[in-house]
Every structure is written in C-alpha cells, then in structure tokens.
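**Student:** There's a structure below that I have some questions on.
Just so you know, all these numbers are worked out from the coordinates, no wet-lab data involved. From a predicted model like this one, the values you see are computed outputs, not experimental measurements. All Cβ positions, even for glycine, are placed from backbone atoms using ideal geometry, and neighbour counts span all protein chains on display.
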Amino acid sequence: MEETQSKKYYTGLIMSVVLFLISVTLFVIFLYRMRRGKGQYQTPDNEKMPDVNYMTPGDFYDLVHKQVEDEVTARIITSHAMHESGVFSSRVFIEDNNAFGMHFPEKRETTAIAKDDKGFAVYENLDDSIEDLLIWFKSHDIPVEFKTPASYAAKIREYDYYTDSYAAYAAAMKIHFEALNKAI
C-alpha cells in the first residue's frame, strides 16, 4: 500500500515539475520574443498590417480586437495564438499567416486560400486567420465571449481542437494571458 502511495506521489511530483518546466520555457520564449521585437518594429500607421516577422503580442491583440469587441475575449484569443505559434515564431505563423495552427477545413466555410504540404491552412494575411477562427466558432455554435483562458481551453477541447492535455493547454494559455496583460 505504501509503495502505491509512494508511486502516486512521485508521479504527481514529476508531472508537476514537467508542467512547471514547460511553463517556464514558454515564458522565457515569450520574454525573448518581446525583447527582440522592442525597438525593431513600430507601426507606421494603423492601417498597415504588421509584418509577421516582427509581430508583438500587442500588435496581434490589436488585430484581434478589430474583430472581437470584448477586451478579455480578444486577450484570450491572442493568448491562444501565442501558444499555438510559439509566440509568433512558428513556421506556420510566419510562412502561412496561420496564427492558430488551423488545418485546412474539408467541410466548413473558410478564409484560407490554400493548404500547405502538412495540411495547415494558408491565409493571405493574419486578419483572415483570425476571421477563420471566428468562422470555426460559428460552425460549432460557440459564442465568442470567454471569461478565462481555462474556460476557452475547455470549450475548444470539446471539439478536439488540440491534442495536448487540457491541464497543460490551459496552463500555457494562462501564462500567455498573464504575460499579455502585463505587456499591454
């Protein structure tokens, strides 16, 4: 009996340490991207699309907030993009303008213009990527209003949006959400 409890304790401890290390790694990547982007990119005017190679969380939040009125929901969606794109550094984000790791849909309406060789949706610009996420919500009858990153992660998990565990995904989104709130 003691051996089983001991195994459970160590398994839980190891899982906690792994989750902590993942969280720290994501936060360090976020800080690196924030510092790298400071001073390198300034929006010349509000009408131009920010360059994906120099995207900051604030820039992306502004794009989302143009399409989503609720500030908290816009921040949560921005946190989702930060998580899915490695804080705007993934190949899919940079080359495909795909902020959310969306695969090209087979049945629903989409703003994607193509799919890449791995099945990811390719968009003309980031606004179209954001709009496609909103279309995805609509196709699943999900109201676009969320109160917390955890409720968002739970809702999109219901539709198999991601394959990671709910706990890990929600924790990562919370880290990005808190960092974004400090940044903007």
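**Student:** Rounded, prolate or oblate: which fits the range 95-141, taking a ≥ b ≥ c as square roots of the Cα gyration tensor eigenvalues, rounded meaning a/c under 1.5, else prolate when a/b beats b/c?
**Tutor:** Cα axes put the range 95-141 in the oblate bin.
**Student:** Return the loop-located trypsin sites (Lys or Arg not before Pro) in the range 87-130 (DSSP other than H, G, I, E, B) with at most 14 other Cβ atoms within 10 Å of their own Cβ; answer none if there are none.
**Tutor:** Sparse-neighbourhood loop trypsin sites (Lys or Arg not before Pro): LYS107, ARG108, LYS118.
**Student:** For the range 118-184 and the range 80-107, what is the separation of their C-alpha centers, rounded to whole Å?
**Tutor:** 11 Å
**Student:** What lysines could a cross-link reach from LYS107, if we take a straight Cα to Cα line under 19 Å and drop same-chain neighbours fewer than 8 places away?
**Tutor:** Reachable lysines: LYS115, LYS118, LYS138.
**Student:** While we're on this one: What is the sum of charges around ILE135, taking Lys and Arg as +1, Asp and Glu as -1, for the other residues whose C-beta is under 9 Å from the C-beta of ILE135? Mind showing how you got there, number by number?
**Tutor:** Values: positive: ARG108, LYS138; negative: GLU109, GLU131, ASP132.
Combined, the nearby Lys, Arg, Asp and Glu give -1.
**Student:** Along the range 7-21, what does the Karplus equation 6.51 cos²θ - 1.76 cosθ + 1.60 (θ = phi - 60°) give for ³J(HN,Hα), rounded to whole Hz, x for Gly and Pro?
**Tutor:** 4, 4, 4, 5, 4, x, 5, 4, 4, 5, 5, 4, 4, 4, 5
**Student:** Something else about it: What do you get for trypsin sites (Lys or Arg not before Pro) in the range 145-184 restricted to DSSP loop and a cutoff of at most 13 other Cβ within 10 Å of the site's Cβ?
**Tutor:** Details: sites: LYS147, LYS155, ARG157, LYS174, LYS182; in loops: LYS147.
Qualifying residues, ordered by number: LYS147.
**Student:** Same structure again: Along the Cα-to-C-beta direction of THR25, a point sits 7 Å from the Cα; which residues of the range 149-184 have their amide N less than 20 Å from that point?
**Tutor:** Under cut-off, by backbone N: 162-179.
**Student:** Within the range 52-116, report the GluC sites (Glu not before Pro) that DSSP leaves as loop and that have at most 12 other Cβ atoms within 10 Å.
**Tutor:** Passing both the DSSP loop test and the Cβ count: GLU69, GLU106, GLU109.
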